[in-house]
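The values are calculated or read from the model by the stated rules, or taken from the named source; none is laboratory data. This is a predicted model, so every value here is computed, not measured. Glycine gets a Cβ as well: all are built from the backbone with ideal geometry, and neighbour counts include every protein chain shown. Each accessible area value is taken on the protein alone, full model and side chains, heavy atoms only, with ligands, DNA and RNA left out. Shrake-Rupley method; radii C 1.70, N 1.55, O 1.52, S 1.80 Å.
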Amino acid sequence: MNNEPKSPSEIFGPEEEYEQKHENDVRIGALEKDGDQLLKVLDEGGMVAVVSGLEIMYVFIRYNQYQCFIHELNGEEGRYKAWDINERNRAMLSNLDSAADQLFEIRYKPEMNYMGVMVAAERGIVNFMDYIGALPVEDTDFMSWQDKEGEST
C-alpha cells in the first residue's frame, strides 16, 4: 500500500482541464483578518464577505464605487450602501476586519451576476461555518418552557 501523498494533478486531473471545468465557479476562501488583505482583494476585482454576529456584509467595487450589501445570514431582506472610492472610505473599509467574526474572499468572473455570486458564496460560507462549528445561533429563550401563564410545558 502506497501512503505517499498524491499530487493535485493525480487527484483532479491536469490543471488546464480542471480550470476549464471550473471556470464559472464562484471561489470562496477564508481571509485573514487584515485590512490590507481585504483592500487587496477588492482592488483585484474580488468580493469580501464580512460576517459579524448574525449578519453578513458583501463588499465589492462596481461602477467606480464600493458597493455594500448587508443582511442576516440566510435572510432575504437587507440594506444597500455605496461609497466613493477615496482615502477616507478605504481607511473605513480597512478597519472592517476589527468588527468581523469571519472574513471571506470571493473570486468570480467579472461578467457574472453579482447577486448570483453573493447567493452562491453565502451557501458555501454557511456550510463552511456550520462544518467548523462557527455558525452563529439566534438568541435562545431559556425560559420558553414557562410561556403559558407560568405553566411548564
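Things worth noting here:
- Scanning the stretch 78-95 turns up no residue that is closer than 16 Å to residue 29 by Cβ and in contact with a strand residue (DSSP E or B) (Cβ under 9 Å, 6 or more places away or on another chain).
- Restricting attention to the stretch 52-97, the residues that are open to solvent by 40 Å² or more (accessible area, probe 1.4 Å), among the polar types (S, T, N, Q) and in contact (Cβ under 8 Å) with a residue 24 or more places away in the chain total 3.
- Residue match in the stretch 21-41 (condition: in contact with a helix residue (DSSP H, G or I) (Cβ under 8 Å, 6 or more places away or on another chain), open to solvent by 80 Å² or more (accessible area, probe 1.4 Å) and at pLDDT 85 or above): yes
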